1. Got a number for residues in the range 565-591 being assigned to a loop (DSSP other than H, G, I, E, B), more than 16 Å from ligand 1 (Cβ to nearest atom), in contact with a strand residue (DSSP E or B) (Cβ under 6 Å, 6 or more places away or on another chain) and not aliphatic (A, V, I, L, M)?
2. Test K85 against the criterion of being modelled with pLDDT of 95 or more, open to solvent by 60 Å² or more (accessible area, probe 1.4 Å) and in contact with a helix residue (DSSP H, G or I) (Cβ under 9 Å, 6 or more places away or on another chain), and give yes or no.
3. Could you tell me whether F503 is at pLDDT 95 or above, within 16 Å of ligand 2 (Cβ to nearest atom) and either not in a strand (DSSP E or B) or not aliphatic (A, V, I, L, M) (or both)?
4. Any idea how many residues of the range 472-483 are away from ligand 2 (no atom under 13 Å from the Cβ) and either surrounded by 15 or more Cβ atoms within 10 Å (Cβ to Cβ) or over 15 Å from G563 (Cβ atoms) (or both)?
5. Counting residues that are open to solvent by less than 20 Å² (accessible area, probe 1.4 Å) and more than 17 Å from N538 (Cβ to Cβ), which strands (runs of 3 or more DSSP E) fully inside the range 332-424 reach at least 1?
6. Which condition from (1) of a type outside the set (S, T, N, Q); (2) open to solvent by less than 40 Å² (accessible area, probe 1.4 Å); (3) away from ligand 1 (no atom under 11 Å from the Cβ); (4) at pLDDT 95 or above is the one that Y234 breaks?
7. Against the conditions (1) under 12 Å from V307 (Cβ atoms); (2) out of contact with any helix residue (DSSP H, G or I) (no Cβ under 7 Å at 6 or more places or on another chain); (3) surrounded by 21 or more Cβ atoms within 10 Å (Cβ to Cβ), where does G277 fall short? Just the number, please.
8. In the range 426-458, what count of residues is obtained for those that are among the acidic types (D, E), away from ligand 2 (no atom under 16 Å from the Cβ) and surrounded by fewer than 22 Cβ atoms within 10 Å (Cβ to Cβ)?
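The values are calculated or read from the model by the stated rules, or taken from the named source; none is laboratory data. What you are looking at is a predicted structure, and each value in this text was computed from that prediction instead of being measured. All Cβ positions, even for glycine, are placed from backbone atoms using ideal geometry, and neighbour counts span all protein chains on display. Areas reflect the complete protein model, heavy atoms only, side chains present, ligands, DNA and RNA absent. Shrake-Rupley method; radii C 1.70, N 1.55, O 1.52, S 1.80 Å.
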Amino acid sequence: MRSLVFLAYFLPFCVSTPLASKRWDDPELVEKHSWVAVPSGWELHSIPSADHVIDMRIGLAKEKGNELISALYEVSMPGHERYGKHLSKEEVDALVAPHPDSVEAVESWLSFHGVNPDDSSFRSSSGSWITVPVTVAQAERMLGAEYGVYYHAESASYVVRTLGYSLPRELHDHIKVMSPTTYFGTVKSMKTASFIQQEVEDEDEDETATELDAAVVPSSCASAITISCLQALYNTTGYVPTATDRNILGVAGYLEEFANRADLQTFLRRFRSEAVGTTFDTVLVNDGEDDQSDPGVEANLDIQYTVGLSFPTPNIYYSTGGSPPFIPDSDTSTNTNEPYLDWLNFILAEDTIPQTITTSYGENEQTVPFDYASSVCELFAELGARGSTVLFSSGDSGVGGSDCTTNDGTNRVRFQPAFPAGCPFVTAVGGTESVNPEVAVDFSGGGFSNYFAMPEYQAETVNAYVADLGTTNAGLFNTSGRAYPDLAAHGVDFRVIIGGSLFSVGGTSASSPTVAAVVALLNDYRLSNGLSSLGFLNPLIYASPEGFVDITSGSNPGCDTDGFPATVGWDPVTGMGTPDFVALQPIVLGA
Ligand SMILES: *[C@@H]1O[C@H](CO)[C@@H](O)[C@H](O)[C@H]1NC(C)=O
Ligand SMILES: *[C@@H]1O[C@H](CO)[C@@H](O)[C@H](O)[C@H]1NC(C)=O
């Protein structure tokens with residue numbers, strides 16, 4: 001039955017024109033990307049059936065090259081005449097659109113291989129992404145690839161991927177990335193940057209602290225972080241948002257993690273009583289679910305702190321699915337299960353997007369192929385150009401955690417930068433602990449990308465740090481790479497309600513939503529003063545050290561080293577420091 005359907009579907013396009021035939025008959029295939037070995041944690045499970053269908057995403061090269069990035073910097077650089085003049089969806093689409101020749105070449109190639117380009121299940125409004133259903137047999141012919149079913153034991157997930165792929169030489173100028181090919185990450189295999197420290201006995205802590213003096217951090221915050229602790233630490237106590245009809249804070253969730261509404265109410269009753277009754281919208285992306293009987297640690301942490309700190313600013317929780325999960329041996333078609341592209345293409349297709357978006361997931365940069373990582377990174381740049389601040393947790397493994405070995409076949413020990421934190425167009429948030437003063441927490445992810453060059457906005461302060469470092473860690477990190485994190489916030493002992501019980505949760509996953517909430521309040525402040533949102537924040541951060549509290553001690557050990565030390569000024573543990581809302585208000589108004 002099934003193959004009959006496919007026959008009917010593909011037959012009309014199998015007859016290629018003589019012209020196309022000459023062009024694509026026997027092209028010289030040039031490798032686009034390959035791994036030297038099966039990615040760590042994955043194993044080959046079986047050979048997929050030749051007519052198994054995968055949704056192939058094709059990312060096309062931009063006709064206008066780097067113009068989007070230039071525009072992004074102009075609208076994000078304080079003092080620039082274009083500062084804050086964010087681009088509309090149509091303007092961004094025009095800057096990232098492919099050249100007509102690229103579209104023609106790709107469509108001709110697809111047709112030659114029996115794939116009808118007009119039947120694409122998804123074409124982004126800019127035309128820069130095409131999604132077409134192809135069979136494994138077609139994909140293998142087109143890409144000179146060999147697909148396998150690979151299994152990831154830790155997350156019990158299966159994917160259909162290849163260890164390498166090629167494209168006809170002519171197409172290298174037209175296609176940036178094809179996926180699924182060599183990127184193995186899935187919605188389930190990604191790492192969340194949070195962990196439960198312990199379940200907390202209900203010891204009736206003095207946590208509500210309603211009559212707080214803005215400048216005083218309650219002593220209880222040394223062992224238990226609550227909303228009032230963070231309000232005092234980051235100076236947001238007493239600020240009342242008013243642009244609530246247009247300002248939105250978004251939380252991007254993966255891993256089939258669900259933010260629980262009843263738990264939020266329990267949390268608010270306890271830690272932000274005037275917000276009781278406030279809820280959030282859940283937006284389901286790519287068959288994401290919203291199972292209210294299955295509260296997630298990460299999802300609850302994120303939403304309880306974003307809602308609790310930004311109240312009454314509306315919050316949206318995006319639940320991005322990877323369903324239907326791929327089950328080998330069943331004859332079901334499957335989507336690609338990717339965490340980034342589906343969510344990004346979804347959000348970029350919306351006319352209105354949240355002005356602040358936080359995500360607490362990531363992975364080692366070296367496990368993400370460069371072509372895939374750079375394509376995704378540029379999609380974050382599109383969000384920034386449209387006026388959204390995109391924040392990511394910097395990771396919970398210091399400079400690299402347990403596995404510091406390179407995967408390029410040389411097996412050298414190197415610090416392991418994280419993705420997307422290492423993308424220069426996101427704001428990466430590291431972690432602190434203690435109060436009065438806060439110090440860097442040892443798991444705070446930080447370092448230097450090997451994929452993305454150091455952007456101008458941070459070069460001066462980062463180069464000064466590297467120079468001061470001398471020979472420490474020399475050879476273990478890339479001194480010319482994009483350095484992160486950009487900012488930090490508290491990352492341990494967060495009180496979170498999960499399934500009705502009180503837990504203590506830690507991780508830079510706690511830090512990122514905290515900074516996101518402060519940014520949302522700053523956006524509120526700008527919007528209520530008739531200005532635009534902040535958008536891509538990094539140029540402002542590095543130009544305004546006085547808006548942040550510098551964290552000057554602690555370090556982030558890993559890879560059998562002490563990692564990087566936190567110091568005066570920027571450092572790859574806590575970035576430029578923690579936000580001071582009161583100090584940032586005049587800065588963002590005058591930007
Ligand atoms: C918060 O704001 C007050 C002024 O209201 C200021 O004195 C203080 O230094 C600020 N920073 C922090 C981290 O409390
Ligand atoms: C270091 O970073 C630069 C700039 O991004 C890059 O071109 C280079 O390949 C990186 N070096 C290594 C060893 O990864």
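1. Going through the range 565-591 one residue at a time, the tally reaches 1.
2. Values: modelled with pLDDT of 95 or more: yes; open to solvent by 60 Å² or more (accessible area, probe 1.4 Å): yes; in contact with a helix residue (DSSP H, G or I) (Cβ under 9 Å, 6 or more places away or on another chain): yes.
Answer is yes for this residue.
3. When the stated conditions are applied, F503 does not pass them.
4. Residues flagged as away from ligand 2 (no atom under 13 Å from the Cβ) and either surrounded by 15 or more Cβ atoms within 10 Å (Cβ to Cβ) or over 15 Å from G563 (Cβ atoms) (or both) within the range 472-483 amount to 1.
5. Numbers: elements: 356-359, 361-364, 389-393.
Where strands (runs of 3 or more DSSP E) fall fully within the range 332-424 and carry at least 1 residues being open to solvent by less than 20 Å² (accessible area, probe 1.4 Å) and more than 17 Å from N538 (Cβ to Cβ), they are 361-364.
6. All conditions pass for Y234, except number (3).
7. For G277, the failing item is (3).
8. Looking only at the range 426-458, we keep the residues that are among the acidic types (D, E), and these are 433, 438, 442, 456.
When the remaining residues are screened for being away from ligand 2 (no atom under 16 Å from the Cβ), the result is 433, 438, 442.
Among the residues that remain, those that are also surrounded by fewer than 22 Cβ atoms within 10 Å (Cβ to Cβ) are: 433, 442.
Here the count works out to 2.
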